[in-house]
Structure formats: C-alpha cells, structure tokens
Ligand code: FES
C-alpha cells in the first residue's frame, strides 16, 4: 500500500499480522521484505523493531519483554521499544524501529 506523506513522498505500508495474533506482553516475530521484525504489544500499543540485536546480530525474538524494553536472551542487552535505543550493555548501538498502524484488524508497518 502506498500513501502520500506530509512531505509528498510515498510511504509504503505492509500488513504483517492480524492484530489479534499479537498477544499482550509477548514478542511476536514476523517476516517482511525488509527482513525479520519483532512485534511487541504493551498495553494498547504495538511496537516494531528489527529482529536483530545490535550486539552480535542474534534474534531479539528469542528474548523477553521487561518494563517496556526487549531483552536479548543471549547476553542481556536491552532496547527501548519506542526508540530502539540500547539501554543496557553489552549493546551500545540502537536497533531499527518501524512505525506501526493498527487498522481493519491488521498490523501495518511503514517499511519505507
Ligand atoms: S547478541 Fe544480544 S546481547 Fe549479545
């Protein structure tokens, strides 16, 4: 799906999951043509991050949600769900985040 952004360029949105399949306080892994993505629902909001830890590239989808962050199961790094910022060592670099929209029962990510 293409839609005009406020700057006139075209944004590409892709439906990646059914909203009801993204369980509260759990991590859901989905595939996109931009690579694997982690979805996380905290309260009424769904967040999306690249499914690749910035420490050693292991999948964040193997991790857990803790206090609004995703924790990598491999060495314990944490990332803010909103910004992708690394909040705990050993990771120092952020992970990519994606804009999320929930409409018509689907979860859409802005991929470009
Ligand atoms: S790969 Fe995630 S903390 Fe090391």
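Does residue 53 fit the bill of being in contact (Cβ under 8 Å) with a residue 40 or more places away in the chain, within 9 Å of the ligand (Cβ to nearest atom) and surrounded by 19 or more Cβ atoms within 10 Å (Cβ to Cβ)?
The answer is yes for residue 53.
Identify the residue in segment 14-33 that is outside any strand (DSSP E or B) and surrounded by 15 or more Cβ atoms within 10 Å (Cβ to Cβ) and, among all such residues, is farthest from the chain's Cα centre (by Cα).
Across segment 14-33, the extreme among qualifying residues is 19.
What is the residue count in segment 72-89 for residues that are more than 9 Å from the ligand (Cβ to nearest atom) and assigned to a loop (DSSP other than H, G, I, E, B)?
Looking only at that region, the number is 5.
Among the residues of segment 90-103, are any within 16 Å of the ligand (Cβ to nearest atom), under 14 Å from the mean Cα position of the chain (by Cα) and assigned to a strand (DSSP E or B)?
no
Evaluate the following for residue 109: is it within 21 Å of residue 20 (Cα to Cα), within 16 Å of the ligand (Cβ to nearest atom) and crowded, with 16+ Cβ neighbours inside 10 Å? Quick ask: steps written out before the conclusion?
Values: within 21 Å of residue 20 (Cα to Cα): yes; within 16 Å of the ligand (Cβ to nearest atom): no; crowded, with 16+ Cβ neighbours inside 10 Å: yes.
In short, no.
Mind checking which residues of segment 59-71 are closer than 16 Å to residue 29 by Cβ and part of a loop (DSSP other than H, G, I, E, B)?
Taking segment 59-71 as the starting set, the residues that turn out to be closer than 16 Å to residue 29 by Cβ are 59-65, 70-71.
Those that are closer than 16 Å to residue 29 by Cβ and part of a loop (DSSP other than H, G, I, E, B): 59, 63.
Taking the condition within 14 Å of the ligand (Cβ to nearest atom) and more than 16 Å from residue 99 (Cβ to Cβ), does residue 69 pass?
yes
For the structure I just gave you, tell me whether residue 39 is at pLDDT 95 or above, within 16 Å of the ligand (Cβ to nearest atom) and within 12 Å of residue 109 (Cβ to Cβ).
For residue 39, the condition - at pLDDT 95 or above, within 16 Å of the ligand (Cβ to nearest atom) and within 12 Å of residue 109 (Cβ to Cβ) - is not met.
The values are calculated or read from the model by the stated rules, or taken from the named source; none is laboratory data. The model shown is predicted, which means the values in this text are computed figures rather than measured ones. Cβ sites come from the backbone with ideal geometry, for glycine too, and all protein chains shown count toward neighbours.
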